[in-house]
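The values are calculated or read from the model by the stated rules, or taken from the named source; none is laboratory data. Remember, predicted model here, so these are calculated numbers, not experimental data. Methodologically, a virtual Cβ is constructed for each residue, glycine included, from the backbone with ideal geometry; neighbour enumeration extends over all protein chains shown.
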């Protein structure tokens with residue numbers, strides 16, 4: 001492609017060829033929350049995408065967990081959640097063990113003291129009439145940014161409910177931060 | 001005290017029903033966490049008792065089991 005007269009190559013905006021689509025599409029713009037016990041996102045899971053990515057930045061006032069529940073038409077499902085996970089500190093790696101038939105999925109653990117942590121949660125098939133899967137990774141800091149703790153959760157909501165949204169709640173205290181939801185493109 | 005919820009980007013007080021559900025859920029999560037911790041402790045205690053019975057240390061058990 002030539003550079004038009006009067007322009008440098010850095011000033012040329014090149015068109016994206018037809019058929020080239022973004023692989024990760026933002027379906028819920030970055031949304032801030034402040035000093036809340038929970039936050040909801042409804043109408044984010046659609047038939048347009050099969051799998052989704054949720055990115056969360058959070059800071060909690062208490063040493064607590066952030067838990068995820070799925071929603072359909074603004075009604076929260078409170079049963080049939082199953083998960084396992086891990087936590088690694090500087091000295092120990094520990095399994096959560098099996099949590100079966102729970103009321104929610106542990107999405108992230110928080111260190112309290114309003115120290116910022118991050119969570120990335122991949123959600124599988126929420127709009128398909130089968131189990132909905134979760135694979136999440138969480139970085140938290142316990143009181144100091146020099147003490148990172150690695151955590152992760154794998155689990156599911158074992159029903160055929162077709163979900164369109166979710167709610168994240170803190171098991172104690174309040175949380176402040178932001179979240180963004182993306183859909184994974186499923187066609188080339 | 002009314003708890004706050006960010007409802008699809010809008011922060012507001014929880015309704016009475018929402019707050020009751022949230023507090024019931026918090027109590028349930030706490031109960032589940034205690035039960036899980038107790039189950040882990042029971043398993044660890046049984047493991048320690050078995051190691052004592054076998055006369056080997058935790059490190060030696062890990063060498064044997066490869067874990």
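Flag: residue B:33 does not match the condition of being under 30 Å from residue A:40 (Cβ atoms), loosely packed, with under 12 Cβ neighbours inside 10 Å and either at pLDDT below 95 or away from every other protein chain (no Cβ under 12 Å) (or both). Taking the range A:82-116 as the range and being within 20 Å of residue A:58 (Cβ to Cβ), at pLDDT 85 or above and in a strand (DSSP E or B) as the test, the residues that pass are A:83, A:85, A:86, A:87, A:88, A:105, A:106, A:107, A:108, A:116.
What number of residues within the range A:63-78 are in a loop (DSSP other than H, G, I, E, B), modelled with pLDDT of 95 or more and more than 11 Å from chain B (Cβ to nearest Cβ)? It would help to see each step written out before you state the result.
Initial filter on the range A:63-78 (in a loop (DSSP other than H, G, I, E, B)): A:63-64, A:73-74, A:77-78.
Now narrow it down to the ones that are modelled with pLDDT of 95 or more: A:73-74, A:77-78.
Checking the rest, the ones that are also more than 11 Å from chain B (Cβ to nearest Cβ) come to A:73, A:77.
Residues flagged as in a loop (DSSP other than H, G, I, E, B), modelled with pLDDT of 95 or more and more than 11 Å from chain B (Cβ to nearest Cβ) within the range A:63-78 amount to 2.
I'd like to check something: does the range A:53-62 contain any residue that is modelled with pLDDT under 95, touching a strand residue (DSSP E or B) at 6+ places or on another chain (Cβ under 8 Å) and in a loop (DSSP other than H, G, I, E, B)? Yes: one or more hits. Of the residues making up the range A:35-61, those that are within 11 Å of another protein chain (Cβ to nearest Cβ) and farther than 16 Å from residue A:134 by Cβ are A:35, A:36, A:37, A:38, A:39, A:40, A:42, A:43. If you go through the range B:8-29 and keep only what is under 10 Å from residue A:36 (Cα atoms), within 8 Å of chain A (Cβ to nearest Cβ) and either assigned to a strand (DSSP E or B) or out of contact with any strand residue (DSSP E or B) (no Cβ under 7 Å at 6 or more places or on another chain) (or both), you end up with just B:11.
Being part of a strand (DSSP E or B) and touching a residue at least 24 places away in the same chain (Cβ under 8 Å) holds for only one residue in A:159, A:169, and it is A:169.
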